[in-house]
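The values are calculated or read from the model by the stated rules, or taken from the named source; none is laboratory data. Note that this is a predicted model, so its numbers are computed, not measured. Glycine gets a Cβ as well: all are built from the backbone with ideal geometry, and neighbour counts include every protein chain shown. Heads up: the accessible areas ignore ligands, DNA and RNA and are worked out on the full protein's heavy atoms, side chains in. Shrake-Rupley method; radii C 1.70, N 1.55, O 1.52, S 1.80 Å.
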Amino acid sequence: DIISDVVFSRGSELNRLNFCGFYTVILEREGEVVSVATLRIFGKRVAEIPFVATRVQCRKQGLCGILMNEIEKQLTYLGVEEIVLPSTPKVIDTWTNSFDVEKMTLSVKSKFLDHVFLDFEDTIMCHKLLVVKQTVI
């Protein structure tokens, strides 16, 4: 089960099966897990977020937005420039319209040839540039 491999950050000698370095980010409300995401940071260049889920009864309440905003804020603080994530065709409009995520073009994909991201059959790879505030001295 790939989800448990990612959640438990299991390693492998095969690059495509190496899930080391994943973190699980949880949003709770009144002691109950309502939204969750997994992420892996590849230095300052990019982080991937392959799994994002919100409990069915908690959807349409902005909770995934709260989770994603906090993840983006923390990644920006760490100096990460971009996030990538796979999306199913069913929810691609939500990602592009509500989260300012864009579908990856071939030229964007070519920037990441040295990275092995989780990608699944029938998904659309997406990305988002994170705004890094420059300190003026």
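May I ask you to say which residue of T76, T96 is closer than 14 Å to L39 by Cβ and β-branched (V, I, T)? Walk me through how you get there before you give the answer.
On the way: T96 fails: closer than 14 Å to L39 by Cβ.
The conditions single out T76.
If you go through the range 27-85 and keep only what is of a type in the set (S, T, Y) and either under 23 Å from D114 (Cβ atoms) or touching a Cys at 6+ places or on another chain (Cβ under 7 Å) (or both), you end up with S35, T38, T54, T76. As for the range 62-75, it holds no residue that is open to solvent by less than 90 Å² (accessible area, probe 1.4 Å), among the β-branched types (V, I, T), closer than 19 Å to L130 by Cα and touching an Asp or Glu at 6+ places or on another chain (Cβ under 6 Å). Taking first residues from the range 91-113 that are touching a residue at least 12 places away in the same chain (Cβ under 8 Å) and closer than 16 Å to M68 by Cα and partners that are of a type in the set (S, T, Y) and open to solvent by less than 100 Å² (accessible area, probe 1.4 Å), the Cβ contacts under 6 Å between residues at least 6 apart in sequence or on separate chains come to W95/S87.
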